[in-house]
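Presented below is the structure to which this report refers.
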Amino acid sequence: MKGRAYDLIVCDLKMPRLDGTAFFRALEREAPDIARRILFVTGDVAGTEAERFLEEAGCRWLAKPFRLKDLLRVSREMIG
């Protein structure tokens with residue numbers, strides 16, 4: 001990530017090897033300004049550790065499945 005500029009990172013919470021939470025924590029240490037520009041997408045989070053993480057970290061997220069118009073709206077809000 002170093003040396004590159006990103007307006008927005010769209011990331012799933014559940015990924016192999018490095019989940020979204022670990023990715024966010026690493027990015028938060030390395031490049032906190034970019035960490036605030038992550039939009040997570042995920043399945044059902046109600047009452048899970050994922051929900052607690054998203055709330056505590058203050059991350060924006062969209063529940064899957066989501067509409068393209070919702071992804072575009074939230075993306076604009078985050079980078080606009």
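The values are calculated or read from the model by the stated rules, or taken from the named source; none is laboratory data. Note that the structure is a prediction, hence the values are computed from the model and not measured. Neighbour counts are summed over all protein chains in view; Cβ atoms, including those assigned to glycine, are modelled from backbone coordinates with ideal geometry.
The table below gives the values:
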{"read-out": "Residue list for region 60-80, filter: exposed (fewer than 10 other Cβ atoms within 10 Å of the Cβ) and small (Gly, Ala, Ser)", "value": "Gly80"}
{"read-out": "Pair list, Cβ under 8 Å, 6 or more apart: region 66-80 residue under 16 Å from Tyr6 (Cα atoms) and in contact (Cβ under 8 Å) with a residue 60 or more places away in the chain, other residue exposed (fewer than 12 other Cβ atoms within 10 Å of the Cβ) and among the charged types (D, E, K, R)", "value": "Ile79/Asp7"}
{"read-out": "Residue selected from region 17-33 under the condition of a type outside the set (Lys, Arg) and exposed (fewer than 13 other Cβ atoms within 10 Å of the Cβ), by the criterion modelled with the highest pLDDT", "value": "Ala22"}
{"read-out": "Any chance Val45 is touching an Asp or Glu at 6+ places or on another chain (Cβ under 6 Å), assigned to a loop (DSSP other than H, G, I, E, B) and not acidic (Asp, Glu)", "value": "yes"}
{"read-out": "Residues that are modelled with pLDDT of 95 or more and among the basic types (Lys, Arg), drawn from region 61-79", "value": "Arg67, Lys69, Arg73, Arg76"}
{"read-out": "Qualifying residue in region 14-29 (condition: outside any helix (DSSP H, G or I), free of Cβ contacts under 8 Å to residues at least 60 places away in the same chain, in contact with an Asp or Glu (Cβ under 8 Å, 6 or more places away or on another chain) and under 19 Å from Asp70 (Cβ atoms))", "value": "no"}
{"read-out": "First in region 34-62 and of a type outside the set (A, V, I, L, M, F, W, C), second anywhere and crowded, with 17+ Cβ neighbours inside 10 Å, Cβ under 7 Å, 6 or more apart", "value": "Thr42/Leu13; Thr42/Ala50; Thr42/Trp61; Glu51/Val45; Arg60/Leu39; Arg60/Val74"}
{"read-out": "Qualifying residue in region 24-46 (condition: under 8 Å from the mean Cα position of the chain (by Cα) and farther than 21 Å from Gly80 by Cα)", "value": "yes"}
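Every residue, every condition in (1) in contact with a Phe, Trp or Tyr (Cβ under 6 Å, 6 or more places away or on another chain); (2) among the aliphatic types (A, V, I, L, M); (3) on the phi < 0 side of the Ramachandran plot, yes or no:
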| site | (1), (2), (3) |
| --- | --- |
| Leu8 | no, yes, yes |
| Cys11 | yes, no, yes |
| Lys14 | no, no, yes |
| Arg25 | no, no, yes |
| Asp44 | no, no, yes |
| Gly47 | no, no, no |
| Glu55 | no, no, yes |
| Cys59 | yes, no, yes |
